[in-house]
Amino acid sequence: MVSKLLEAEFDRRAALEARGATVIATTSAMLTIIFGLSVVVTGKDHVFASPTAVCLLIGALAAFTISAALAIIVQTYGFKYKSTSIKTLRSLTGANWSRSSDDVQKMWISRQVNTIVSLRRGNNIRAEIVRWSLVAFIAAMLLLVSSISTELLNCGARQGVGAPYGPSPHAEWHGVCLPA
């Protein structure tokens, strides 16, 4: 039973590291797709005119960076865990060799339980970091969509598109926000 618990914690650790890798890959892919689409929609030479859209964009970039940084920590940081020391392992065939097998088995189980507990602590921290990375990723997506939407709506209003009171007085700006 104890060895299965230990194996399960190592498997959980690997799964959490894989989730970190997934967040990094997804973040990269989404940034590429969204920025590519924004260039297609707004034009390659577009300069954001809305200060709100710029602030939302900066927030999105910060959230994407935080999400990726947290995912990298999950993947690469070696959370420490306890394992049976070399000295204890050697004592099993040396000084403890004369102990009863029941005694040695109890000692061995005790050592494995210590490893399981320490691994679980590290895995729980890793799982919490993955959660925060996902929250940052979702926030980044929302901020980015809000930024692009704000800019497009702002440009549309300047061009008279969807303006509630007729054409915009800035009709000469056509092509500044959206391709002509």
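Since every read-out is calculated from the coordinates, none of them should be taken as a lab result. Small disclaimer: the values here were computed from a predicted structure and weren't measured. Note that each Cβ is placed from the backbone with ideal geometry, even for glycine, and that neighbours are counted across all protein chains shown.
Points worth noting:
- Net lengthening on full extension, LYS4/THR65 (0.36 nm per residue, minus Cα-Cα): 18.2 nm
- Net charge of Cβ neighbours under 12 Å - reference THR76; Lys, Arg +1; Asp, Glu -1: 0
- Potential lengthening between ILE33 and ASP103 on full extension [0.36 nm per residue; Cα-Cα distance subtracted]: 19.1 nm
- FRET efficiency for THR26 and VAL113, using Cβ-Cβ distance with R0 set to 35 Å, rounded to 0.05: 0.45
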